[in-house]
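Step one of this worksheet: look at the structure below.
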Amino acid sequence: MLNTKNFSPKQLSLFTAIILGIPVLVGAWLLRPEWELVAVSFVVFVAGSYALILAVLQQFIYRKIKLIYKFIYKTKASKKEETYYKYILPQKGIDEVRADVEKWARQQEGQIETLRSNEKYRKEFLQNLSHELKTPIFAIQGYLDTLLDGAADNPEILHRFLKKAGRNVERLVNLTNDLDEISKLESGVIPLHKENFVIQDMIKEVYEMLHVKASAKNIRCSMKKGTELPMIVFADKEKIRQVLINLVDNAIKYGHENGTVVASTYVTDGKRVLIEISDDGTGIAEEHLGRIFERFYRTDMARSRKVGGSGLGLAICKHLVEAHGQTIHVRSKPDVGTTIGFTLEGRKEA
């Protein structure tokens, strides 16, 4: 049986006109069995029927379809689009139009899902930001109110409360600086000044910078045995320094007393270098691993805020690494430790 599903309007009009012309052909033959007259009658009837049916289809059905396409694309038609609606669209079969509409529906569904996800993410971000700001502000307010109520007369209390207020002011400054930094990074414009440098030398510099913090917990920072040989990477030196500071600082914060922080470097495919920072601290549960690079995401709210930080460090690391066209990843297990690694381009020849 002939399948008419994919007929264009012209094909459908012609097919319908021929079907309607068959009874006319038979009737004309019965009335006057002359082949020439019957043939002429048949052709005239089919031609007239074809023109009429096609006009009806284009006038009523494809006018509606044209409106559907205009609704789908939501733009005022240009001359090119008007030509498409006038000449190309009527050539499409109904199935093709249906496929276009279904494709549009899938796109809309995807956009709606993205909007829902973004809305959820926005709400979480605002809630977390509000909490991050309120905590030090309320602490400062409490210390100042206590001092204004008379505690300032006691030099010991005055000094202690001013010191605590100062620490919270510093926390606010760090938070606003990190917010400013990540806003710049998320704008998509990150200027990079790449150069060749030895990654192990930078890791050692970062260890020196954070020596006091590590010593306070008696944490030993070292390079993994077998990875001490100098490896040259091609990257923005200062931005990678920032990444390493954030990663090592996190490793110290969440590391156990008397623990270790170990850095290791590997050549992966002859073109890239993998840098990993590992600790033997509290670790991260599997359900959190996919989200730790989100802004303000914390696996343990109470413990995270106790050790300090803005909650933006890993998000900043991710942006900086991805700005280099590279990737960052995490491996972790509770009470075993965490390893965060990222890749960099290997040495660039002059």
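Computed quantities for the displayed model
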| item | result |
| --- | --- |
| Close pairs from the stretch 317-332: first outside any helix (DSSP H, G or I), partner of a type in the set (Gly, Ala, Ser) and open to solvent by less than 30 Å² (accessible area, probe 1.4 Å), Cβ under 7 Å, at least 6 apart | His324/Ala235; His329/Gly341; Ser332/Gly283 |
| Neighbours by Cβ (under 9 Å, 6+ apart or cross-chain): first from the stretch 248-272, at positive phi; second in a loop (DSSP other than H, G, I, E, B) and open to solvent by less than 70 Å² (accessible area, probe 1.4 Å) | Asn258/Lys217; Asn258/Ile219 |
| Matching option when the condition is part of a helix (DSSP H, G or I), modelled with pLDDT of 80 or more, open to solvent by less than 80 Å² (accessible area, probe 1.4 Å) and touching a Gly at 6+ places or on another chain (Cβ under 8 Å), among Phe15, Phe45 | Phe45 |
| Residue in the stretch 190-199 that is surrounded by 13 or more Cβ atoms within 10 Å (Cβ to Cβ), closer than 21 Å to Ser264 by Cβ and at pLDDT below 85 present | no |
| Residues located in the stretch 238-254, provided they are open to solvent by 40 Å² or more (accessible area, probe 1.4 Å) and β-branched (Val, Ile, Thr) | Ile245 |
| Residues satisfying the stated conditions in the stretch 322-341, i.e. β-branched (Val, Ile, Thr), touching a Leu at 6+ places or on another chain (Cβ under 8 Å) and surrounded by 18 or more Cβ atoms within 10 Å (Cβ to Cβ) | Ile340 |
| Neighbours by Cβ (under 6 Å, 6+ apart or cross-chain): first from the stretch 160-179, over 11 Å from Pro136 (Cα atoms); second open to solvent by 40 Å² or more (accessible area, probe 1.4 Å) | Phe161/Tyr143 |
| Any hit, the stretch 255-269, residues being open to solvent by less than 60 Å² (accessible area, probe 1.4 Å), under 14 Å from Gly341 (Cα atoms) and of a type outside the set (Val, Ile, Thr) | yes |
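Yes/no matrix, rows are residues, columns are (1) among the small types (Gly, Ala, Ser); (2) more than 28 Å from the chain's Cα centre (by Cα):
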position	(1), (2)
Asp236	no, no
Val243	no, no
Leu247	no, no
Asp280	no, yes
Gly283	yes, no
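Residues checked against (1) among the small types (Gly, Ala, Ser); (2) in contact (Cβ under 8 Å) with a residue 40 or more places away in the chain:
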{"site": "Asn218", "(1), (2)": "no, yes"}
{"site": "Ser222", "(1), (2)": "yes, yes"}
{"site": "Gly226", "(1), (2)": "yes, no"}
{"site": "Met231", "(1), (2)": "no, yes"}
{"site": "Lys239", "(1), (2)": "no, yes"}
{"site": "Gln242", "(1), (2)": "no, yes"}
{"site": "Ile245", "(1), (2)": "no, no"}
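The values are calculated or read from the model by the stated rules, or taken from the named source; none is laboratory data. These numbers were taken from a predicted model, which means no experiment stands behind them. A quick note on method: Cβ atoms are made from the backbone with ideal geometry, for glycine too, and the neighbour counts reach across all protein chains shown. SASA here: full protein model, heavy atoms, side chains in, ligands and nucleic acids out. Shrake-Rupley method; radii C 1.70, N 1.55, O 1.52, S 1.80 Å.
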